[in-house]
Structure formats: C-alpha cells, structure tokens
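Working notes, beginning with the structure itself.
The values are calculated or read from the model by the stated rules, or taken from the named source; none is laboratory data. Computed from a predicted model, the values in this text were never measured in an experiment. Cβ coordinates were reconstructed from backbone atoms using ideal geometry, including for glycine residues, and neighbour counts include every protein chain displayed.
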Number of protein chains: 4
Amino acid sequence: MVSTHKIAILGASGYTGAELVRLIALHPGMEVVALTADRKAGQSMGQVYPHLRHLDLPQLCRIEDVDFSGVDLVFCALPHAMTQEIVKDLPENLKIVDISADFRLEDPAEYEKWYGHVHYAPEMQKEAVYGLTEFYRDEIKGARLVAGTGCNAATGQFALRPLLRAGVIDPDGIIIDMFCGVSGAGRAAKEAMLHSEVSEGTNPYGLPVHRHTAEFDQEFSKDAGREVKVIFTPHLMPANRGILATVHVKGDAGEIHAALSQAYENEPFIVVLPMGEAPATRHVRGSNFCHIGVVADRVDGHVRVFAALDNLTKGSSGQAIQNANLMLGLPETMGLEQAPLFP
Amino acid sequence: MVSTHKIAILGASGYTGAELVRLIALHPGMEVVALTADRKAGQSMGQVYPHLRHLDLPQLCRIEDVDFSGVDLVFCALPHAMTQEIVKDLPENLKIVDISADFRLEDPAEYEKWYGHVHYAPEMQKEAVYGLTEFYRDEIKGARLVAGTGCNAATGQFALRPLLRAGVIDPDGIIIDMFCGVSGAGRAAKEAMLHSEVSEGTNPYGLPVHRHTAEFDQEFSKDAGREVKVIFTPHLMPANRGILATVHVKGDAGEIHAALSQAYENEPFIVVLPMGEAPATRHVRGSNFCHIGVVADRVDGHVRVFAALDNLTKGSSGQAIQNANLMLGLPETMGLEQAPLFP
Amino acid sequence: MVSTHKIAILGASGYTGAELVRLIALHPGMEVVALTADRKAGQSMGQVYPHLRHLDLPQLCRIEDVDFSGVDLVFCALPHAMTQEIVKDLPENLKIVDISADFRLEDPAEYEKWYGHVHYAPEMQKEAVYGLTEFYRDEIKGARLVAGTGCNAATGQFALRPLLRAGVIDPDGIIIDMFCGVSGAGRAAKEAMLHSEVSEGTNPYGLPVHRHTAEFDQEFSKDAGREVKVIFTPHLMPANRGILATVHVKGDAGEIHAALSQAYENEPFIVVLPMGEAPATRHVRGSNFCHIGVVADRVDGHVRVFAALDNLTKGSSGQAIQNANLMLGLPETMGLEQAPLFP
Amino acid sequence: MVSTHKIAILGASGYTGAELVRLIALHPGMEVVALTADRKAGQSMGQVYPHLRHLDLPQLCRIEDVDFSGVDLVFCALPHAMTQEIVKDLPENLKIVDISADFRLEDPAEYEKWYGHVHYAPEMQKEAVYGLTEFYRDEIKGARLVAGTGCNAATGQFALRPLLRAGVIDPDGIIIDMFCGVSGAGRAAKEAMLHSEVSEGTNPYGLPVHRHTAEFDQEFSKDAGREVKVIFTPHLMPANRGILATVHVKGDAGEIHAALSQAYENEPFIVVLPMGEAPATRHVRGSNFCHIGVVADRVDGHVRVFAALDNLTKGSSGQAIQNANLMLGLPETMGLEQAPLFP
C-alpha cells in the first residue's frame, strides 16, 4: 500500500495547474490538499475547469489561507517573478517543484540579463536543481527545490544533450526549429492567442531570441565543456498541445542514433525511434512520453534529429510529477503511465 | 491483488481498437493477449499506431491465427456485417463485447430494414444485450454477448431515457440535433473525411435519416411504453473527438432536471450539471464521462437538454470496457477513471 | 466608368472593419478615405492587420480627426452603445451603414429590455432601415441610415422569412439550432475565445436566450402578421468563419422548398439547393453567398431547413456593402462576386 | 474592353483545378470553356465543388471530348506522368500552363532519377519554361509550355534566389525547414490526410528527401553559378492552406534584407517586411501574395529568412494564372488582386 503524500498546488488556475490536477487524480501516492488561485479564490476547481468537476477537490483559496503544516510538497505554477517572492517564504521543510522560469538559471547575472531585473531569492536560486529528470535524477532525489524546465527547453535538450555529451556532433552551428502548441502561452486572455488569430496557419514567434535560449546556453555548455550557442527559432503551431523540435546537427547519423539509443536505453519515458523514422506530436499528446527520431540528409554529414513531446505533460506538469516522485521516494513513473490520446 | 483477464481485440487497427488498447494499458484487471487486423497482420501495433509504441503488445495477426483457448473476453471492433460471420463461430465459453452495429437491434425485421440484408446470426441477435450500461447493468452482468451502442445513440439516450421513463416530457416531437467529431467516421480513407474537407466548417450528414435512429426507436419506445419517433439530425463537427446532443423537449425544466439528477445520482460516469448550465465536448475529451445540462427556454414549456461525451470513449471503447468489467465481475469503473484531457 | 464614392470606416480595427477593407479593395465604385480606431490611432492598417499591408490605405486615426466633408458614406463598426453616441453627431448628408446592434430594433422599449439601457439616439432609431437586403431592398435604396443585422439573425431569417410570409409553416414551435464560427465574437481578448478553449470541441452559448432573438421576434412577427417566438440556441463551432442554421419547422417539404425557391429565384446571393440536399459552411467561406437546403424528416410533417453563410461577409460586412451599393445607386452585387474560398 | 480568352482546365476535379476556377471567375480576360475530370465526367462542377455552384460553368467531361479548336490556353492539373502523355498530343497552337511536376526539371537524367521512369515527352521537356514568374518573366511571355513550380519549391526560391544571385550568402549549408498546409496533398483519399490524423499536431514528412529538392538543386545552382545543395525538411501543418519557409543562411542581415528589397522592389505580389519582422501564413491565405521577412540571430552571421505564401494560390493556381496572363499578353496581375482572407 502506497502512503499518500499531501500536495498543494499554488497557481492552480492556469493550464499547468489543471494538468497537475488531472495527473494527480490518477496518482496513488499523492493527494491534493490545497489549491490556490488569487483572483479565483472561493471558486471550485470544477467552475474554473469543468473537465475536473467530477473530482473531489479543495476549493480554490488565496496563498495566505493555505495551512502548510499538513503539506509535504508544493507545486508552484505561479507567474514569473511572483514565484520568487512566494517561494522564499514557504516553510523550510516543504519540498517545492517550481514550474515557472524563476529558478532555471543558475547565474544571477544571466537571470538579470534575460528577465530584466535582479533575482528576488538569490539564495534559493543557488540551491535549486534543474528539473530535467533524465539528466539530474540523483540531484533531484535530494533536492528541496526543483526548477521545472521550459517546455521548449526540455524538447531541445532531449534531442541534443546525449550528443553533446558523447561528442558526436559539432557544437557550433546547431539549429533548432521548433513548432509549439498554443497552450504553452497559458490561459491569459491575449489577442494573439485567440482562435481566430492562431488557427489555420503558422508563424515564428519570440524573435529575435526566445528566453528559453538561456536554458540551452546554460545546459549545453555544461554538456560540451565549452560555450555552446544554438540558433533557436520557435514557431506557433495551430494545435493546443505538442512541441516538435527539428534539430540540425553535423555528425554521423549512425553515431548519433547510437548515442541517443544508449543514453535513453533504460529511460521509461524516452522512446528512440528506429533510424530514419520521425516522430509526430500527435503520438505523445497528453502523455509523459518523448519520441526521438534521427534522419540523415542527402547532404553528407548533415543530420536531422527530431524530438516530440506534450508541452503540458512531459514539458511541464508531467515532468514536475516525475521529479516530485523522486523527491518523495516514490517510483519515478508513478501516475504517469497514461498512454497518449490519439486521435 | 486483481486477477488479470485475458483479452483479445478483433479489428484492432481501427480507432475503437486503438482506444481499447489505450484504456486497457492502464487497466489492472485486463491483459491483451491477441490483436487482429487482417490487412495489417504481421505489423506491430506501434507501427499502425505510433502513440502505442511504448506498450508491450502482441503482434497483429489474422483472426484465424488466434488461439482463443487462453482468452476470457473478446472485444469485437470489426466492420459491420463481417462481425456477424465472425462472432457466430467463436468458442461458446468466450464473453464477447461487440462494438459494431450488428447486434444492437433486437428485431430481425428492423435490422433488415435499416441495414439492407438479413441478419447472418439471428440466434445471437436474440441473445445479445444492449450495451448502454447505465440502463442494462443487470442484464450485462450475466450476458455472453453485449452489443455496444452507437456513439450518437448513446449520447441521445443519456439525455432522454430518464425523462421518458419518468414521464416528464411529451414523447412526441422530440428533436435531437447532434454535433459529432470526425473520428466517429473511422480510419478508412474517404475524401469526405480529409482534413481539407472537414476542418473549418460544419454540415449536417446522414440525411434524410441516420441509422442510429433505429436504436432510438427501439429503446425510447421501451421507455415510454409506446412508439416514440424522434427527429434526429447529426452534424459533422471539425474536431476529432466529442459528441454534443442538443435535445429539444416539451416539459417542465425543474421536473426534467430533477428526473435526470435522480436517475444518475449514483452513476460514476454521468454528471448532471446545475440547472441552467450547459456542457462542452472539450470537457469530457478522452474520458468515460458524460456531462448533462438542462436549460429552460423563454418559450414556456420548452426545454433544452444537452449531453456531451467522447464518442471513442464513453460512446464506444470506454463503454465496452465498462461492460466487460461487469461481465468479468470486476469493479465497473476499473481502468476508466482517467480525467478528461483539456485543453 | 464607375464614379468612385468616398468611404470612411469607423472602428476599422475589428474583424468586420478588416473585412470591409478586404472587400472594398476589389470594389470599383468605392475608395476608403478614412479609417478610425481610437486605441490604435496612428498605426497603419497593415500593422494591425498584416494581411492588408499591400494596400494603400489611410492611417488609422481618431474619429474626431476625420474630415467628413469629403466622405459619401460611413460604415460604422463600433462597439454597441458607443455607436449611438457617434452616429447622432455625424453630418446629416452622410449615408451611414451601421454594423453594430444599435439600430436593429425599432421599438425603444424592446431595445431597453434586451440591451439594458435607454436608447441614446431614439430619433435615428426610428429612421433606421433594417439591413436584410433581400427583404428591405426598396427602403434601403432611399435610406440615410441602414442597420446591419446580427450575423446569427441574418442566417435564421434567410431560412424562415419566405416560409412565414407564404404561410406554409406553423409559426409556433419553430426551433433554430445554430453553429457559429469564432470570429463572430470579435477580436477582443477573451479567455473563452482562446484557441485552447475553443478548438477541438463545441458548446452551446448565449444561454438561456441570445440577444439576436430580439431581431427574430421583431421580423418574424411582421412576416407572420402575429407574434412569433422562436426557440433559438447558438453553439460555438471550432472554425473561424461560418454559421449554419438548422431550422425545424412543421409543414410540407415540397411547399417549403417551393416557397424558398420562388422567393429567392432572382436573388444573386441566395442559392436554394435541390430538394434533399444540405449546405456546408465551408462552401460559402469568405463570400457573400447564402446556401439554403430543405430536407424532409421521416416523421411526417417535420422538415429541416438549413441555411449557411459567412458571418463576416453575408452576415456582416458583405451585407453592409450590398446595402451601401443600393444607397449609392451602384449595382447591388458590385465588389461582392468573389467565389468562396475552399478548402 | 478586355478581349476574353478561352480557357480549358484539364483535371479540374483536384484542389488546384477548383482554385483555378475560383480565380478565373473574377478574371475579366478569361472564360472557362472546358473542364475535364475523367472519373467525374458528366457531373457539374457544382456537384464536385459546391462552393462553385453559383457559377455558370461547362460540365465536366473526358479529355477526348474537348473541342480544342476554340481554346486559347490550357491549364493542365493532371496527375504526374499522365500529364506527359496528354500534353504531347495537344494541338500545337495551344498555350499550356502545366501545374504538375512533369516539366519542371530540364535534365532528362534528373527527371528519371527523381521520378523513377524516363520522361515520355522529352522534346516538350526541353521547350518548357520554368514557371516562377518573378525570375522567368521574359521567357514565359514567349513560351508555349510553362511548367508550374512545386508549391514548396516556390516558397523556398522566393526566400533564396535574390540572395544567391547577389552573392550575399554562403551557398553551402543552407537549411530550409518548411511548414506546409494539408491541401498540398490534394483531394485523393489517403489515411494520412484524414482530419483525425492531421489535426492538432505536426510531423516532418517526405523524408529522407522530398522531390521538390530537385527543383531547388536545379534553380539554385543556376543562381549561384555552382552546385548548391540545400537541406530541405518539410513538415505537415494542421491547416488547409499556407506554407512557411524558415530558411537559415550565413551572411549579413542588412545585406540580405537589402538584396531582397531590391530584387522585389517592383514586384506586385512579393512583400518584403521591415527588417526584424516575420510573416504568417494566415496573412496571405487565399491570395497571390508572398510575404518575406529577415531576422538576424544573436549568433553572429546567422540569419533567418522567412517566406509565406498560399500553396494553392501563389504556390500553384495563382502562379499559373499569373503566367497565363503573360503568355496571353494580359496585365500580369489581372484577376489576382484579391486580398488575403483573414481570419
């Protein structure tokens, strides 16, 4: 019998919050005991998200009204910057999985450069472990604060990190074109995210340089043991969920496929497709899986590496639960085995 | 510890077959031991449905190559008419949940009228139990052959059956306008189902009278104790999953809401919304839930009843598993508790 | 050679404003000389709507900065209520085609009932001509102020007005279920209109009673010579453009088809399909056409009448230009002959 | 007064055929006198494409039943390979604009390599002029046979040709990632193009190397005066119309923008956006426009060039009419001035 850990979700009214609730509903080792949403305090989760109305959940409340004494772990899905203010005042015994961008960068100077202000909780910034489970598993197990990765950042890293570590690709001139579902922009009402604006077409966004690039710089440089600066161009895809990274690298396709296959051999959620096959975002929708494909080009030495995942699941809330499982001593895959929803 | 029942899926290469596999993957009481698909025999399920490639599944084979001796229950997702030929030759000890239209109608004459040929397995037609779980639970528990309902037929019945049984609406002049996701048409390559033909618009289909009307006639007439002939008009909705039934009835909104609330009070999958609220298909996507709403009109005595479900889950494969659970003595909700996927 | 009329568009930054510009770009008898958009004053139309950037257009300005002395006709696409304030102060020689809801209702009491405040320009309300061209052609020719219809209201009226006038249907118990594209909600940033909220599903909206019902009441009662109260339920369709009205009436299908065919025999934009065929919104997208179909039901005396149009074109801006053509003495179809865009 | 040229469309039942009819309906210098579609001979165009039912068009017939004596120009929208057989037997005085892939490649050996069989009309292959209007305008004016470009091929060329000609980019290592609407796959019923398979996601296709690459090789090598081999990866986008090319080049962003601006300065259909802005496929939908943007990367010397067009219009049928205008001595833009349809 699994012992049940008490969970609070701060910022539960966004899409990542709802996704956490969806996943925890099937999780035998977690129980939601508090849900906060400042502007929607007093409402039920079923009012805010009718797809969750069959669940027996605590009412949405303000953060200051949460009794953290009975809580084991907090998922923090608050807006950027506000997170820093909130997290630093949480009880010290609480484990925290943050989904915002606030603790992803290690270097305060880098943080300030990309986000435009000094960090409000620099001590916790130092302590935070970067949440890409497959690459920081051991550190995450012992961490108090894990910083969930950007969803785009996760996708690109799954394609590239084993290659940089193995030294099988040229670390210069790496190009990442990415196609990203709309839900990544969140539930805030923005003209640019209206159905009429988004559907039936595509466009690049986040130009000239998207903030998730900072995560690439930090992590890829570690892997390569030298500075790596990728060229990253995200595109908005008229679909709610899913990210596809099309990554252009220079190397040998066979070596690349072997390096990925070996790195992910025992990973429960990473599937490396047979050489020459490419993934589709539809085939990971709603799941914690990431599909990776390698396809050589007719131009010698040029290889395409494709990675597909669901931005709300493996790219965010599913990843967060995977990390929480490790932090709580639960089996890593617990609650995350749902197959993708297709069609 | 749950004992695991051995499952065969005949016709696994269609969408309902894939949906069965998706759901059974999380089902602690079922294990897939055989998957058939005549034209795709020899392929793996992961080749045919890459979203299922992480699962350890038997290879697709021809029906004649299945060893039924180790099978407890068969889901039959074969094309119409072929089902009759196959099912009548299955070993007598096998429990069968059929997803086709072949055993839904009780009266051979009605079957012939709607489907254009005599029934090939009239003895089994007599034996079959209609698979709308909430209304045939006891019969299903003891049945050998359960006939899954049409997905449209299920949606309309959830809205109307308690009202006809309670006698709170006029059984004449009932109008059902329905909006149906594209996946209901299956995976067969048809010009009319191409993305370019279906997306970004709607149209009524199945005119002048859709075959699922036969199920309405049969079941509603039983409930009302007299002939009931509804006016049913399905429309194609540019979405993959989901059916919304907008049902127009004459009666008192309060009595109607009360009759539905009472009928479904203890149903695990049927949610009756508060009076005046309407459901959305997005809020049941990928789940076995059905949301029902009642909204009075400003025209006195006219009431709208709305029902929303996922055609592949509650309307087909989820319903099939719900029935199989009953037939196998398992908890009815086992494997079906996944929350809807939104957005 | 066509003489060119000078056109101002007030409120050009909404979808109906952009649609007017799109259509006028091909119109040999109209030239845009002023475009207003208070919050976007100073921007070019190409910045606000990049699909129009190839056009040579005046910059967006504030209404008070327009020199109306050189203007022949104003299209008014302003928000509800504000229109009344603006329109009453426009120079008296200006012809005005209003696209808002402000002048559709003739009775000040009805206006107040549906819109919650007294009308600010009651004199002009009396003078305004209802803009459903096919039914008010003569009045429109001589009008100073024409009130464009609601897009839903137009769709329902095309299906029903000839039938009520000809007396071939029962005026009681008429049911209109409508499926409406997202662009009808405009470009304002609303959570409910985000791609993630709208795509891949449907739901009824505007419950319990939608404001366009007021137009139905007013116009249908005129046609029938008695009070007519329809039951109207709009549904949000995950598509940008298009409205389908599925109208349930009691009558004889042959008489109904004949009445529609006769009424629209010489109409350039209304196409009555052969008996038994139904329209699709995709087949009128981006055009000023309305397709109408009649399909009998198996229930004797029950008939479905379907009407499909593009809410932004025939339902709004195309209709407005059709009316403006009449008011300016131009051929009614001028600038409106574009075929629908499919797929 | 424009004299009207008599037009025949061979293969009118595909999407490019329907698009030709849509555009010619507004073209004052062309009149459709024959429409062929072998399998649909005897049907009206309105039956096959209800969005065109308001037009007065000749009935679909078989090619052998066309009287070419009254025809000035033929648009040939037949399947690959069949085109060669048909075109070589057409009367010699006929002007021909071919939309298939059959005459795009100049070198019979290249053709055989990419298409797997010897060319059936090698003499005409020699004579054919490549139909990218902006780059072959003079040759097209005098041509008898113009070979329409691939829609992907057109998009990539608009982004790159001026740059290769001006020598402002490195001709090695050019990477083209492309996002292509579904209608490019045509109206043939294929499982992979079903709404359920395509919507709500993306995937690369045409791997490892797409046939349109052959056009890139041929044309870019001409421009650069040496062999150029781009790396081209198309992706399927869940939208009906539109192609976005994201092109990665090495060079100076200022020089690149200047070269494009200069090359397209007087082009009526090519819009070069201000430096740093990127196009969206939605903003060219249904039109003959191509929008091009240039955005520098933070990695020095790396530049993204984006091009967006509508595959059925500028990428195929609109281009064909633009070429036909030149061949017939008509103004090049005649019939092609429609603004894009947004939203």
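Table: residues versus (1) out of contact with any helix residue (DSSP H, G or I) (no Cβ under 6 Å at 6 or more places or on another chain); (2) farther than 25 Å from B:Glu267 by Cα.
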position	(1), (2)
A:Ile9	no, yes
A:Glu31	yes, no
A:Arg39	yes, yes
A:Glu64	yes, yes
A:Val74	yes, yes
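Give me the pairs, please: first residue somewhere in region D:82-94 and surrounded by fewer than 16 Cβ atoms within 10 Å (Cβ to Cβ), second residue anywhere and of a type in the set (Gly, Ala, Ser), beta-carbon distance under 6 Å, and either six or more positions apart or on two chains.
Cβ pairs passing all conditions: D:Lys88/D:Ala121.
When region D:301-343 is examined, which residues are found to be under 17 Å from the mean Cα position of the chain (by Cα), of a type in the set (A, V, I, L, M) and either more than 12 Å from chain A (Cβ to nearest Cβ) or surrounded by fewer than 24 Cβ atoms within 10 Å (Cβ to Cβ) (or both)?
Those that are under 17 Å from the mean Cα position of the chain (by Cα), of a type in the set (A, V, I, L, M) and either more than 12 Å from chain A (Cβ to nearest Cβ) or surrounded by fewer than 24 Cβ atoms within 10 Å (Cβ to Cβ) (or both): D:Leu312, D:Ala320, D:Ile321, D:Ala324, D:Leu326, D:Met327, D:Leu336.
Would you point out which residue out of C:Ala81, C:Ala34 is more than 14 Å from C:Leu145 (Cα to Cα) and over 18 Å from the mean Cα position of the chain (by Cα)?
Exactly one residue qualifies, and that residue is C:Ala34.
Output yes when any residue across region C:284-304 is in a loop (DSSP other than H, G, I, E, B) and closer than 30 Å to C:Asn93 by Cβ, and no when none is. Give the derivation first.
Here is the first cut: in region C:284-304, the residues in a loop (DSSP other than H, G, I, E, B) are C:285-289, C:297-301.
When the remaining residues are screened for being closer than 30 Å to C:Asn93 by Cβ, the result is C:288.
There is at least one residue in region C:284-304 that is in a loop (DSSP other than H, G, I, E, B) and closer than 30 Å to C:Asn93 by Cβ.
Output the residue which, of all residues in region D:92-105 that are modelled with pLDDT of 95 or more and not hydrophobic (A, V, I, L, M, F, W, C), is farthest from the chain's Cα centre (by Cα).
If we take residues in region D:92-105 being modelled with pLDDT of 95 or more and not hydrophobic (A, V, I, L, M, F, W, C), then D:Lys95 is farthest from the chain's Cα centre (by Cα).
Residues of region A:168-217 being assigned to a loop (DSSP other than H, G, I, E, B) and polar (S, T, N, Q), which ones?
The answer is A:Ser199, A:Thr202.
Of all residues in region A:142-161, which are part of a strand (DSSP E or B) and over 17 Å from A:Asn288 (Cβ atoms)?
Correct list: A:Leu145, A:Ala147.
Quick one: what pairs do we get from region B:284-300, first residue free of Cβ contacts under 8 Å to residues at least 24 places away in the same chain and within 10 Å of chain A (Cβ to nearest Cβ), second surrounded by fewer than 21 Cβ atoms within 10 Å (Cβ to Cβ) and part of a strand (DSSP E or B), C-beta under 7 Å, 6+ apart or different chains?
So the pair list comes out as B:His291/B:Val271.
Limited to region C:270-282, what total is found for residues that are at the interface with another protein chain (Cβ under 8 Å from one of its Cβ atoms) and surrounded by 23 or more Cβ atoms within 10 Å (Cβ to Cβ)?
Total meeting the criteria: 5.
Does region A:63-78 include one or more residues that are free of Cβ contacts under 8 Å to residues at least 12 places away in the same chain, more than 14 Å from chain B (Cβ to nearest Cβ) and under 30 Å from A:Asp177 (Cα atoms)?
no
Quick one: would you say D:Arg187 is away from every other protein chain (no Cβ under 11 Å), touching a residue at least 24 places away in the same chain (Cβ under 8 Å) and basic (Lys, Arg)?
It is false that D:Arg187 is away from every other protein chain (no Cβ under 11 Å), touching a residue at least 24 places away in the same chain (Cβ under 8 Å) and basic (Lys, Arg).
Being within 11 Å of chain B (Cβ to nearest Cβ) and in a loop (DSSP other than H, G, I, E, B) is the filter here; which residues of region C:237-269 pass it?
Selection gives C:Met237, C:Pro238, C:Ala239, C:Asn240, C:Arg241, C:Gly242.
With A:Leu26, A:Leu57, A:Leu52 as the choices, which residue is within 14 Å of another protein chain (Cβ to nearest Cβ) and modelled with pLDDT under 95?
Working: A:Leu57 fails: modelled with pLDDT under 95; A:Leu52 fails: modelled with pLDDT under 95.
Every option except A:Leu26 fails the conditions.
Using the structure shown, decide if B:Tyr115 is within 12 Å of chain C (Cβ to nearest Cβ) and surrounded by fewer than 19 Cβ atoms within 10 Å (Cβ to Cβ).
Values: within 12 Å of chain C (Cβ to nearest Cβ): no; surrounded by fewer than 19 Cβ atoms within 10 Å (Cβ to Cβ): yes.
In short, no.
Kindly establish whether A:Gly70 is in the same structural domain as A:Asp98 (by TED's automatic domain parsing), on the phi < 0 side of the Ramachandran plot, modelled with pLDDT under 95 and surrounded by fewer than 24 Cβ atoms within 10 Å (Cβ to Cβ).
Criteria met by A:Gly70.
When you scan region D:261-268, do you find a residue that is closer than 27 Å to A:Pro238 by Cα and modelled with pLDDT of 95 or more, even just one?
no
For (1) in contact with a Leu (Cβ under 9 Å, 6 or more places away or on another chain); (2) of a type in the set (Gly, Ala, Ser); (3) more than 14 Å from chain C (Cβ to nearest Cβ), each residue gets a yes or a no:
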site: B:Thr155; (1), (2), (3): yes, no, no
site: B:Leu163; (1), (2), (3): yes, no, yes
site: B:Ile169; (1), (2), (3): yes, no, yes
site: B:Asp172; (1), (2), (3): no, no, no
site: B:Phe179; (1), (2), (3): yes, no, no
site: B:Glu191; (1), (2), (3): no, no, no
site: B:Val198; (1), (2), (3): yes, no, no
site: B:Gly201; (1), (2), (3): yes, yes, no
site: B:Pro204; (1), (2), (3): yes, no, no
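Mind telling me which of the residues A:Glu123, A:Glu112, A:Glu139 ends up being without any contact (Cβ under 8 Å) to a residue 60 or more places away in the chain, closer than 30 Å to D:Gly301 by Cβ, part of a helix (DSSP H, G or I) and not assigned by TED's automatic domain parsing to the domain that holds A:Glu215?
Matching residue, one of A:Glu123, A:Glu112, A:Glu139: A:Glu112.
Quick check on this structure: which one of A:Gly167, A:Gly156 is outside the structural domain of A:Ala101 (by TED's automatic domain parsing) and surrounded by fewer than 24 Cβ atoms within 10 Å (Cβ to Cβ)? Reasoning before the result, please.
Details: A:Gly156 fails: surrounded by fewer than 24 Cβ atoms within 10 Å (Cβ to Cβ).
Among A:Gly167, A:Gly156, only A:Gly167 is outside the structural domain of A:Ala101 (by TED's automatic domain parsing) and surrounded by fewer than 24 Cβ atoms within 10 Å (Cβ to Cβ).
Search region C:1-48 for residues being surrounded by fewer than 19 Cβ atoms within 10 Å (Cβ to Cβ) and polar (S, T, N, Q), and hand back the single one that is nearest to A:Ser196 (Cα to Cα).
C:Gln47
Can you tell me which of (1) closer than 23 Å to A:Glu277 by Cβ; (2) in contact with a Gly (Cβ under 6 Å, 6 or more places away or on another chain); (3) at pLDDT below 95 is the one B:Val2 doesn't meet?
Unmet for B:Val2, out of (1) closer than 23 Å to A:Glu277 by Cβ; (2) in contact with a Gly (Cβ under 6 Å, 6 or more places away or on another chain); (3) at pLDDT below 95: (1).
Just the residues that are more than 16 Å from A:Pro204 (Cα to Cα) and buried (at least 21 other Cβ atoms within 10 Å of the Cβ), please, taken from region A:170-182.
Of everything in region A:170-182, those that are more than 16 Å from A:Pro204 (Cα to Cα) and buried (at least 21 other Cβ atoms within 10 Å of the Cβ) turn out to be A:Pro171, A:Ile174.
Looking at the structure I just gave you, is D:Ala280 in contact (Cβ under 8 Å) with a residue 40 or more places away in the chain and either within 26 Å of D:Phe103 (Cβ to Cβ) or not acidic (Asp, Glu) (or both)? Break it down into steps so the answer makes sense when it comes.
Numbers: in contact (Cβ under 8 Å) with a residue 40 or more places away in the chain: no; either within 26 Å of D:Phe103 (Cβ to Cβ) or not acidic (Asp, Glu) (or both): yes.
Judged against the criteria, D:Ala280 is not a match.
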